[in-house]
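Read-outs throughout are calculated quantities, based only on the coordinates presented, and are distinct from any laboratory measurement. This structure is a prediction, so every number in the text was calculated from the model and none was measured. Virtual Cβ from ideal backbone geometry, glycine too; neighbours counted across all protein chains shown.
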Amino acid sequence: MTATSTAPAQATKHGGPRAGPPGTLAALFFDAVRKFDKPASMLYKAGDEWRPISHKTFAERVRHLAFGLETLGVQRNGKVAILSENRPEWAITDFACLTMGAVDVPIYPTLPADKIAYILRDSGATVLFVSTAEQAAKVAEIRSEVPALKWVLSFDEPAPAGTDRTMRDLESAGKAKDSPELVARYEAAAAEIAPGDLATIIYTSGTTGEPKGTMLSHDNLFSNVEAASEFVPMGADDVSLSFLPLSHSFERMAGHYLMHRNGVTVAFAESMDLLVKNFSEVKPTIVTAVPRVYEKIYARVLENALAGSAIKKRIFFWARSVGQRVAEEKLAGRDPGAALGFQAKIADRLVFSKLRARVGGRLRYFVSGGAPLAPEINRFFYSAGLTILEGYGLTETSPVISVNTPAHFRIGTVGWPIPGVEIRIASDGEILTRGPHVMQGYYNKPDATAEAIDAEGWFHTGDIGQLEDGFLRITDRKKDIIVTAGGKNIAPQPIENQVKTNKYVSQAVMIGDRRKYTVLLIVPNFEQLERWAKLKNLIWTDRRQLLALDTTRAKMEKEVFGTLKHLARYETPKKIALLENDFSIETGELTPKLSVKRRVVDEHYKSVIDALYAEDRDTAG
């Protein structure tokens, strides 16, 4: 991928003219507050009670915090970092920075201390907000390595060790300065922020190399919000449940700015562990999530079905079959007919209505992004009356490039390009995009910027895809294509996603570049595997012993290879290795958005992989 690449394109698709003139996130904020003025702009859990924050209170706290930041010396274009889980304080801090013209730097709360230190040093942030004592402890560990950092402030009360003040302290200081004159000056300064001004630096690790700071302007994000608003209908009667990290560009745009712009009430989930409980309490109508969430819901549904009686199992699989047939008819634009429609009503009453109830019973649609979603999982949800609008984008594109809509919906694709976005498929299959959504560049990395954005303004996504009737289909990552020693090109992601639909599989990574065939590294779903092992009266004391049993290996091979019968011979992995530990962000095997770093996994499990291929040499010898 080079910036000067002018290879002829195979196809070009325009998403139509952009949705309105350039704008800023500051104007977006003030406009929404004035337009909606709801008693519940946001909801958060305090004890057993969900408490609202009105638009009026939201705006006041944003203004007071902006005044407070000025007392710390933060000026226009100053850098303010946020290290926190999702909560109202995150949103308040973000808009305080944006309305005063400062640049905020979100940091994933799951990152270890050394990665946090790199982002703080590279960005030059002078102020850092942390959520809890746990996050404060990580910062205290590396604070001496970050000389530009002057203030560490806590969202939690009282201020934990390692912090200087609390956010409430700063808001109080700002409130003390509040006056009609100062408010007028603040709003006038916010109105002077230009669409091209830098709004945020979002660090993305990608799958290789050190983190890169993606510079997004106000209009980069504003244009994306306006375009998405035309494609994905929502309004002031909607409620969203926020649980993806706001440090993730997808949740930042879709779950934060898009919701605020359209007056949607945003409820902040307590944690991923309490998600099912929060769904039932909040009863959201719109939810944004990454494929891993849908995979887990699907796995749990299968688990519950298979754990039931023989009659319950038969009912579930009958209902799933009926649902799939109904889905096929509807997706083809046909009426299911009276007989199938009658069966569908029974299947819905016995099975699918219960699944909808688990996500609150009011959901209009999910929106999926961040990684490819297995079509089988999307089709299952659709058959259950739960539409997942799958989209596509990257941090560097603010982030949405394309998305399915209720009106234009095709499973297995990532939808149409949104207004203002151009897509080109290069001669090698790479997806290129151009428009107001493309980043300003990588912070402090001009060479990386020049490599990513060519002379004509096309951003090279690194993804391989194709256009079908205006719908974009992603087939793989350009750098992820496996080329075997025999010269066969294999796209691993669709195969991995297929394997992960099996209830006994938690993670799957294909390896095989420059080797004569491919293999799979499998992390079992130990909850399922151990239950099966107990039923088989197997004896083991730890996971390693369980995986070493011939019976276990035979079971996992049967499950894994049973999902891959449709593959061509050269695509089919020849062997699997079972791993006892899941991949994680902490070990560097996953990015913060939970994408697998294939090269890191290859390095970490080199001995395991070498042993799989060595078996052939031993046999040949």
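Here are the numbers:
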quantity: Helix-only mean residue ellipticity at 222 nm for the chain, each DSSP H run of n ≥ 4 adding -39500 (n - 2.57), per residue, nearest 500; calculated: -11500 deg cm²/dmol
quantity: Ranking of F561, F95, F352, F317 by count of other Cβ atoms within 10 Å, fewest first; calculated: F317, F561, F352, F95
quantity: Net charge dipole size for the chain [Lys, Arg +1 and Asp, Glu -1 on Cβ; Debye, nearest 20]; calculated: 2160 debye
quantity: Principal axis box of the chain, alpha-carbon based, largest edge first, Å; calculated: 80, 60, 56
quantity: Cα-based convex hull volume of the range 481-620 per residue, rounded to whole Å³; calculated: 122 Å³
quantity: Residue-count net charge about F58 - beta-carbon cut-off 14 Å; Lys, Arg +1, Asp, Glu -1; calculated: +3
quantity: Under 16 Å from the T110 label point (7 Å along Cα→beta-carbon), backbone N, the range 561-591; calculated: 581-591
quantity: Loop-exposed GluC sites (Glu not before Pro) per DSSP, neighbour cap 14 Cβ within 10 angstrom, longest uninterrupted part of the chain; calculated: 193-455
quantity: Inter-label distance for K313 and I346, nm, one decimal - labels placed 7 Å from Cα along Cα-to-Cβ; calculated: 2.1 nm
quantity: The chain: antiparallel DSSP beta bridges as a percent of all, rounded to 5; calculated: 60 percent
quantity: 14 Å Cα-Cα reach of K79 towards aspartates and glutamates, excluding residues that sit fewer than 8 places from it in its own chain; calculated: E70, D94, D104, D122, D197
quantity: Table column - 3J(HN,Hα) (Hz), the range 545-554, Karplus curve with 6.51, -1.76, 1.60, x for Gly and Pro; calculated: 5, 4, 6, 7, 5, 4, 5, 5, 4, 4
quantity: Check: the range 481-620 dipole with +1 on Lys, Arg Cβ and -1 on Asp, Glu Cβ, in debye; calculated: 420 debye
quantity: Using θ = phi - 60° and Karplus 6.51 cos²θ - 1.76 cosθ + 1.60, couplings along the range 409-417 (whole Hz; Gly, Pro as x); calculated: 10, 9, 5, x, 10, 10, x, 8, x
quantity: Pairwise label distance in nanometres, E328 with R300, each label 7 Å out on the Cα-Cβ vector; calculated: 3.0 nm
quantity: Rounded to 5, the percent of DSSP beta bridges in the range 481-620 classed as antiparallel; calculated: 70 percent
quantity: FRET efficiency, D37 to D164 (Cβ-Cβ, R0 35 Å, nearest 0.05); calculated: 0.50
quantity: Given K479/K574; K500/K534; K536/K606, the pairs whose alpha carbons are separated by over 30 Å; calculated: K536/K606
